[in-house]
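Below you'll find the structure, written out as structure tokens, and then a few comments.
The values are calculated or read from the model by the stated rules, or taken from the named source; none is laboratory data. This one's a predicted model, so the numbers in the text were calculated from it and none came from an experiment. Don't worry about glycine lacking a Cβ; one is built from the backbone with ideal geometry, like all the others, and counts go over all protein chains shown. Note: areas computed on protein heavy atoms with side chains; ligands, DNA, RNA excluded. Shrake-Rupley method; radii C 1.70, N 1.55, O 1.52, S 1.80 Å.
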Amino acid sequence: MHLRLLRLLSLPLLSLSQQIPLMDNPLAESPPIHTKPTLSDLLTIEPTASIFYAYARELELSARFADSGDMLTVFAPTNKAVMALARKPHQGPNRPSDDGITITEEEFDNLSKKNVENWVSAHILPESPISFDTRDHPTLLHHKSITFKPISKNDGNDPAWSRVTLDDGVRIIGMKEASNGVLYMIDGSISYN
């Protein structure tokens, strides 16, 4: 019995002597420290952009929101702006013709996914920071650019993003900086057809 008790008491001592302290371990790497959240973090905690982010998370390109090496500018429509759309992002910008053609469920799902990808891509610029000049700023959607127009009544004291509108008079209503870009909240949706 005494021998068994002695063995049990000596186990912690043996395991302590075999442990390597983390401070002295050259193989242990410390994780990178970010002073700002990523775009993914901001979109996760931004309640007014939850519908936009729900659509974006369905796509492979959403991985770019967490990539600290990929600088993006995201124009996220508010939930109110998405709900006000006559045709939701998965439906596409144009009503299909009513010519009696039917498609399979798989074709419908693929078309819906492509519509969502086009809509989300039209709201993302592959660069950050950006200037709010009047030149065209290409989006992730091929052949789609965003143009900024100065607001006529501004005193020049507000941030540059608040002194412009986007296509179709869409206003930028908020801005948050991320470690991998900038998130702008907008009060409308960017058309992409």
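Data overview
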{"item": "Scope the stretch 69-83; condition surrounded by 14 or more Cβ atoms within 10 Å (Cβ to Cβ) and not aliphatic (A, V, I, L, M); matching residues", "result": "Asp70, Thr73, Phe75, Pro77, Thr78, Asn79"}
{"item": "Output for the stretch 143-161, where each listed residue is within 17 Å of Thr73 (Cβ to Cβ) and without any contact (Cβ under 8 Å) to a residue 12 or more places away in the chain", "result": "Ser145"}
{"item": "Residue satisfying all of: in the stretch 49-68; among the polar types (S, T, N, Q) and over 9 Å from the mean Cα position of the chain (by Cα); surrounded by the fewest Cβ atoms within 10 Å (Cβ to Cβ) among these", "result": "Ser68"}
{"item": "Every residue from the stretch 71-87 that is modelled with pLDDT of 95 or more and in contact with a Lys or Arg (Cβ under 8 Å, 6 or more places away or on another chain)", "result": "Leu72, Val82"}
{"item": "Residue count for the stretch 103-136, restricted to those that are in contact (Cβ under 8 Å) with a residue 60 or more places away in the chain and within 23 Å of Glu177 (Cβ to Cβ)", "result": "5"}
{"item": "Positions within the stretch 113-137 being of a type in the set (Asp, Glu) and either assigned to a loop (DSSP other than H, G, I, E, B) or over 13 Å from the mean Cα position of the chain (by Cα) (or both), in sequence order", "result": "Glu127, Asp133, Asp136"}
{"item": "Options Lys113, Lys36: the member that is open to solvent by 40 Å² or more (accessible area, probe 1.4 Å), within 19 Å of Tyr184 (Cβ to Cβ), modelled with pLDDT of 90 or more and in contact with an Asp or Glu (Cβ under 8 Å, 6 or more places away or on another chain)", "result": "Lys36"}
{"item": "Test result for Gly188, on the phi > 0 side of the Ramachandran plot and touching a residue at least 24 places away in the same chain (Cβ under 8 Å)", "result": "no"}
{"item": "Subset tally (residues that are open to solvent by less than 40 Å² (accessible area, probe 1.4 Å) and among the charged types (D, E, K, R)) for the stretch 137-184", "result": "2"}
{"item": "Filter result for Thr73 (of a type in the set (Ser, Thr, Tyr) and assigned to a loop (DSSP other than H, G, I, E, B))", "result": "no"}
